[in-house]
1. Give me the Å³ per residue figure for the convex hull around the C-alpha atoms of the range B:2-205.
2. Please give the Cα centre distance for the range B:187-240 versus the range B:78-142, rounded to the nearest Å.
3. With each run of n ≥ 4 DSSP H residues scored as -39500 (n - 2.57), what mean residue ellipticity at 222 nm is computed for the protein assembly as shown after dividing by its residue count and rounding to the nearest 500 deg cm²/dmol?
4. Where does helix B:145-170 land angle-wise versus the long Cα axis of chain B, in degrees 0 to 90, nearest 10?
5. Which percent, to the nearest 5, of DSSP beta bridges fully inside the protein assembly as shown are antiparallel?
6. Place a point 7 Å from Cα of B:GLN267 in the direction of its Cβ. Which residues in the range B:210-244 have their backbone N less than 14 Å from it?
7. Compute the whole-percent fraction of alpha carbon pairs in the range B:309-437 spaced more than 24 Å apart.
8. Each residue of the range B:118-134 in turn: what ³J(HN,Hα) in whole Hz from Karplus with 6.51, -1.76, 1.60 and θ = phi - 60°, glycine and Pro shown as x?
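Just so you know, all these numbers are worked out from the coordinates, no wet-lab data involved. All values reported here derive from a predicted model rather than from experimental measurement. Backbone-built Cβ (ideal geometry, glycine too); neighbour counts: all protein chains shown.
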Amino acid sequence: MRQKFSTWLAVFIGIVILILAIAFALLQSI
Amino acid sequence: MRKNYVIKGIFWIFVYLLLASAPLLILLLGKMPEGREFWREFSVALGFAGLSLMSLQFVLTARFKFLKAPYGADIVYHFHRQITFVALAFILVHPLLLFVFSPDTLALLNLITAPWRARAGVTAVVLLLVLTGMSLWRRKMKIEYTRWRIWHGILATVVVALAVTHVVLARHYLNTPLKQTLWITYGIFWVGLLAYIRILKPFLLLKRPYRVESVLPERGNAWSLTVRPARHSGFHFMPGQFAWITIGNSPFSESEHPFSFSSSAEQPEMLTFTIKELGDFTRTIKTLQPGQVVYVDGPFGHFSVDRHPHAEQFVMIAGGVGITPMMSMLRTLAHRGDKRPLTLIYANRDWESITFREELERLQDSLTLKVVHVLEKPPANWDGEKGYINQAILERHLPKSDKPNKIEIFICGPQPMMNAVEQGLSNLGIPFGDYHSEQFSLV
């Protein structure tokens, strides 16, 4: 149960960074 | 107190996110290099993000108490494990995008003809896969824990060093002094962190050795190792916490293992760890002699009655050697003359293997303690609970209360038991915040 917290936290952080990476790429390639 | 930990917990998640995304954010500052197509830039961004996450792994495993306090050490280690998959995915997609959208980059895989930046990058990825595989399948590959830990540290350091070399040699995003400063700062931070973990921390421990006082056998194939601080005052701990122990040699040794205190927190001048014989290292505990030097790095962990002073009663649910932190809590509460009601639900294989059986009987005289033994293989005349701890057993013995946050429940034992108990408590409608567990067998 507690481990689900760290799994979802890792997923959340992964998604946030993925969005930032897409934004970075968009800004750079425009 | 709980609110305080929640705020700290959210704060450190925010800091982590900021540090993880810092390279991407700072690269956008100042003069940008000439823009390239989206997929190439996206690939580069994923590479930077992956490197950033991998570097932060050293922070997660550096045993900073301020970082572990809000969550518990097991959560931090489990997060360390889970975020590896995220970082690994970013790092693997980084070259794959290049291969797909610029097939000529496939030539970079030929390490004989490839430039040094590609050699460093490809080697880093291969070693990262080895590192992850060794951690996921350590037991299947029959790699002994201490040996694994040494290689885990070496490979992780080499992977990050090679990845930074890859970035520096690629040069594309080092076009301004600001960005060069960023990567130099990044390097200094990382080397400093490694120096703290591998040199400064062991050096500080070296000045605070402990000596073995006694090693006593316990029921259930366990040994109680008692140590005393040698020429220093030791440290205070909360009952239920744990420490890393290094036996003999020096604190620079990688052969250290985490164990819960079983002694009372009211007697910090004498630390006892009760250790079950489960592997190569734990089998050596009984061979320790009084006077031998050990190093104790601690305390760590959030699993303690002391974090819940508001509680009106406590329930402890233990399986086998999971009794150790509970014993520390019970002994401490007895020392303090605490009269709050306590329930201990304690699962063991059979009557003879119940660690601390006699002392638990004695503790019922000084504490308001109800002990419920659950035996997998009970004796013929046993009229107590049988089998494994399940929802029905919990329902029969948990104290009734309609006030949340007044009964705090602690769970420690083998992972299947903890999963079953947590599921049972959840089914019984116990709020998630009212039960606490900590486990350490992550690799």
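1. Numbers: hull volume 30.6 nm³, N = 204.
In the range B:2-205, the Cα hull volume divided by residue count equals 150 Å³.
2. 36
3. On the way: 13 runs with 225 residues, N = 473.
Rounded to the nearest 500, it is -16000 deg cm²/dmol.
4. The helix B:145-170 is inclined about 20 degrees to chain B.
5. 55
6. Once the point is set 7 Å along Cα→Cβ of B:GLN267, B:213-216, B:224-229 turn out to lie under 14 Å by backbone N, inside the range B:210-244.
7. Details: 1917 of 8256 pairs.
Cα-Cα pairs of the range B:309-437 separated by over 24 Å account for 23 percent.
8. For the range B:118-134, the Karplus curve yields 6, 4, 5, x, 5, 4, 4, 5, 4, 5, 5, 5, 4, 4, 5, x, 4 Hz.
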